[in-house]
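Below: the structure, in structure tokens.
Nothing in this text is a laboratory measurement; each read-out follows from the coordinates by a stated rule. Given the structure is predicted, the values throughout are model-derived calculations rather than measurements. Note: ideal-geometry Cβ built from the backbone for every residue, glycine included; neighbour counts use all protein chains shown.
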Amino acid sequence: AREPRDRLRVAIQKSGRLGDPARDLLSAVGLTWRESRDRLFCFGEGLPIDLLLVRDDDIPGLLTEGVADFGILGRNVLAETGLDGTAPGLEEVRQLGFGPCRLAIGVPEGWDYEGPAQLEGLRIATSYPAITQDWLRRHGVDARTVTLSGSVEIAPSLGQADVVCDLVSSGGTLRANSLKPVETLLESEAVLAAPPGRPEGVRGELADLLLRRLDGVRRVAD
Ligand code: ATP
Ligand code: ZN
């Protein structure tokens, strides 16, 4: 049986785009940790709220397994792992306002794009096959996804795929690969995610406290 915990755990990205803003947000609500930036685990000092520094891809699993109580990750990752069955049922508790981007279909610049039907039978390179297939199904389009964990935009020029479905912020990466965005599948930003329900006992009280404080700083920031 799992040890009952009396400390709250928040999983955030160790590095990458969301790591620093997530840490800054938690600092802004008054959390402090014994310095261990290079480690997986940061022990909370003022309040019994610890940090897990991990890859964003691991956060849904940590929440599902009950190893972490909250996670800060992109809505895109939460949506993908919710749809592909690896971490179903997690909840988006708050949207956090940083890390904005969208998941978009990118086609070769020269195409005259007229709608989803044009994607029929094509190969779509993506790191988000479940969201992509869900969107294709809802538009009645049958197309194959080629799942890549990175460098998705280069796939069309390599002949590995016809089009891409990838995260876009400025559009610069698509443009640099002679692609243009034509459909938005998901508007994303960093979110606070959690398993359904409130943690039991003292962790539930800590969770409420953390949410109240987050709402406080978000109101000040807005
Ligand atoms: P990790 O090493 O943790 O697996 P990663 O390479 O998967 O990192 P990052 O590139 O740091 O992830 O992106 C983290 C999140 O930042 C994305 O899932 C997305 O929600 C958000 N994001 C915002 N803008 C962009 C963008 N232009 N490209 C990719 N992700 C973006
Ligand atoms: Zn990742």
- prompt: When DSSP assigns beta bridges and you keep just the ones with both residues in the range 101-187, what percent turn out antiparallel, to the nearest 5?
  reply: 65
Loop-located GluC sites (Glu not before Pro) in the range 53-113, at most 14 other Cβ atoms within 10 Å (DSSP): Glu65, Glu109
- line: Taking Thr184, Thr126 and counting other beta carbon atoms within 10 angstrom, the fewest-first order is Thr184, Thr126
- request: Please work out the ratio of the alpha-carbon Rg of the range 101-187 to 2.2 N^0.38 Å and round it to two decimals.
  value: 0.95
Equivalent ellipsoid semi-axes, the range 9-123, via Cα gyration tensor eigenvalues times 5, rooted, Å: 35, 16, 12
task: Order the peptides 185-193, 142-150, 13-21 from the highest to the lowest mean number of other Cβ atoms within 10 Å of their residues.
output: 185-193, 13-21, 142-150
statement: Here the equivalent ellipsoid of the range 145-218, derived from its Cα gyration tensor, has semi-axes (largest first, whole Å) of 40, 15, 9
query: Ala68's amide H: which non-local residues (gap 5+, or another chain) put their own amide H closer than 5 Å, with H modeled 1.01 Å from N in plane and none for Pro or chain starts?
result: Leu63
statement: Plugging the Cβ-Cβ distance of Arg218 and His139 into 1/(1 + (r/R0)^6) at R0 = 41 Å yields, to the nearest 0.05, a FRET efficiency of 0.75
- request: Averaging sequence separations of C-alpha pairs under 8 Å and six or more residues apart, then dividing by the length of the chain, give the relative contact order as a whole percent.
  value: 25
statement: Here the gain from full extension of Glu109 to Asp208, 0.36 nm per residue of separation minus their alpha-carbon distance, amounts to 30.8 nm
task: Would you mind counting up the charge near Val141? Only other residues with Cβ under 14 Å from its Cβ, with Lys and Arg at +1 and Asp and Glu at -1.
output: -2
Fewest-first sequence of Arg75, Arg7 by Cβ atoms within 10 Å of each Cβ: Arg7, Arg75
message: What would the Debye equation give as log₁₀ I(q)/I(0) for the chain at q = 0.11, 0.13, 0.16, 0.18 Å⁻¹, counting only Cα atoms as equal point scatterers?
response: -0.60, -0.79, -1.04, -1.21
- request: Report, in debye and to the nearest 20, how large the dipole of the chain comes out about its Cα centre when Lys and Arg carry +1 and Asp and Glu carry -1 on their Cβ.
  value: 520
query: So, counting K/R as plus one and D/E as minus one, what does the shell of residues with Cβ under 12 Å around Ile124 add up to?
result: -3
statement: Given backbone amide H placed at 1.01 Å from N, residues whose amide H is under 5 Å from that of Glu91, ignoring those fewer than 5 places away on the same chain, are Ala194
field: Distant-in-sequence amide H partners of Val146 (H built 1.01 Å from N, under 5 Å)
entry: Ile124, Ala125, Thr126
- prompt: Using alpha carbon centroids, what distance separates the range 159-207 and the range 93-111, in Å?
  reply: 7
